[in-house]
1. With a 10 Å cut-off between alpha carbons and a GNM built on chain A, which of A:Gly213, A:Gly112, A:Gly195 moves the most?
2. Helix-only mean residue ellipticity at 222 nm, chain A, DSSP H runs n ≥ 4 weighted -39,500 (n - 2.57), per residue, nearest 500. What is it?
3. Read phi for every residue in the range B:34-43 and hand back ³J(HN,Hα) as whole Hz from Karplus 6.51 cos²θ - 1.76 cosθ + 1.60, θ = phi - 60°, with x for Gly and Pro.
4. Which loop GluC sites (Glu not before Pro) in the range A:67-138, with loop taken from DSSP, have no more than 12 other Cβ atoms within 10 angstrom of their Cβ?
5. Restricting to DSSP loop positions (anything but H, G, I, E, B) with no more than 10 other Cβ atoms inside 10 Å of their own Cβ, which GluC sites (Glu not before Pro) remain in chain B?
6. Residues with beta-carbon under 11 Å from that of B:Pro92, excluding B:Pro92: net charge, scoring Lys, Arg +1 and Asp, Glu -1?
7. Distance from the Cα centre of the range A:326-344 to that of the range A:90-139, in angstrom?
8. Return the long-range amide H neighbours of A:Val106 (sequence gap of 5 or more, or a different chain), with a cut-off of under 5 Å between placed amide H atoms.
Amino acid sequence: MLYCNWAATTPFPLVSGGSLGAIHVRTGDENQSFTGTREKIARFFHFHDPRRVIFGFGVTDLLNKLLWGSRKYFGACILTTPLEHNSVLRPLYYITKKGKPRRELVRLTPEGKIDLQDFSQKIRQDVGLVVVNHASNVTGILQPVEQVVQLAHEVGAKVILDCAQTAGRMDIACDSIGADAFVFSSHKALMGFSGLGFACLAEGFEPDPVFSGGTGAYSAKKEQPEQLPFRLESGTPNYLAIGALDETLDRMQQMDYLARNQRCNHLFTNFSTQVRSLSRFEVVGLPTSEHLPYLNLRSRDFSVEELGFVLSNIFEIQGRHGLHCAPLMHQHLGSWPLGTVRLSFGITQDEGDFEDVLSALQKMDGGYHAF
Amino acid sequence: MRFEPLLKEDCVGEYQVFVYTLEKAITQAMVERLSGLGTLQVFHDFPKPYFRLQSNHMLLKGVIQTPRLDVTFYDAALEEKSKLENILAQIP
């Protein structure tokens, strides 16, 4: 099976099963503070304070905790975009359901980038919190996050940046970008285990705890400790995944993941150019500006669901069909309500993989007979 | 023939997709027995012998020589589902 669903999860973790025993023993020796891993994360993502690196059970878990814990920052309005995944849209739906705060959506450019002119107008309308993704999980288009942060901070609004798609794809310099919170996924391009996410919280961004319990320290306190990371971490951490992440970050550096991503992006550019020439397929929303190696397709001969079935079961190419938990993005792209087949590529893929996918699509592009 | 339908999780919610695990692998003869349910197309040129059967209420997909059918029912077409399951039950 040729795996083309990296936007959902890695096809395999970089850390092998043989390493798990050693990880278990090593993490069991710590008092579960995982100081070393937090320091490693801080270095990897150019973040100055490892004490403000917190772990959660995934990006969805952390986004919920940060959003619900940010009531004091909401202001009259929370500003977000149609690019967002349901891990942002759904919590915001509940938070803004009664109208206070209200939710506003920034307009997108035709190719799916935040319209900065619209953003700069809407940010001045009593916005206390901005939530944006670094790159769309549908099209992979990269957002102008530095400008977003600058404009938001000019009016005193906080910015939460969803980096689920970009961690492991590019060099993310948290201190330089300057958002108030960065949320990362362990199990996508970082090739770690699922069940783990982590966040870097800038000073001055102090969400309240919305999830409380044992913290492994300050046990005599009735309330959740004020100190990070304990304030936002409770219960048994996913120590196996944290240990795996620790080793994975080393391996990513050793394999020069940035160069590999560049190579994948280059191969993808050649591939997508050729796919666009196929007459029986429609390429949906392929950005012209910088983007991750994601391609969205519809077929003139098959429905989206059937196209996904045929690619998977006949040509053994695993993508993902549907709305990709990003309904507003598909409304923007014009692929609502049935969505697209998304093929998302990763650093372990080579020229042969792209050729195989292209060959399959060419075969479907009229090179067959149906009786 | 025995079979087991399973409602497949689907992202869109506009239709339902059931996966039928069959007691036996699909043969050309079985496909012909099902052909009365809609318009049949068989893609012999594909790497695997894919077939589809389309009507106004459903889309049936399968691969000859495998024991599985994926069936999309539009608008909760329970009558079509019953017709399909009756035919499957009658296949020896």
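1. A:Gly213
2. Numbers: 12 runs with 130 residues, N = 371.
When only DSSP H runs of four or more count, the value is -10500 deg cm²/dmol.
3. Whole-Hz 3J(HN,Hα) from phi for the range B:34-43: 7, 4, x, 7, x, 8, 9, 10, 10, 9.
4. On the way: sites: A:Glu84, A:Glu104, A:Glu111; in loops: A:Glu84, A:Glu111.
Those that pass, being in a loop and sparsely packed, number zero.
5. Numbers: sites: B:Glu9, B:Glu14, B:Glu23, B:Glu32, B:Glu79, B:Glu80, B:Glu85; in loops: B:Glu9, B:Glu14, B:Glu23.
Answer by residue number: B:Glu9.
6. On the way: positive: B:Lys24, B:Arg33; negative: B:Glu23.
Net of charged neighbours comes to +1.
7. One Cα centre to the other: 18 Å.
8. A:Thr80, A:Thr81
Just so you know, all these numbers are worked out from the coordinates, no wet-lab data involved. Only a predicted model underlies this, so the values are computations on that prediction, with no experimental measurement involved. With ideal geometry, Cβ positions are generated from the backbone for all residues, glycine too; neighbour counts draw on all protein chains shown.
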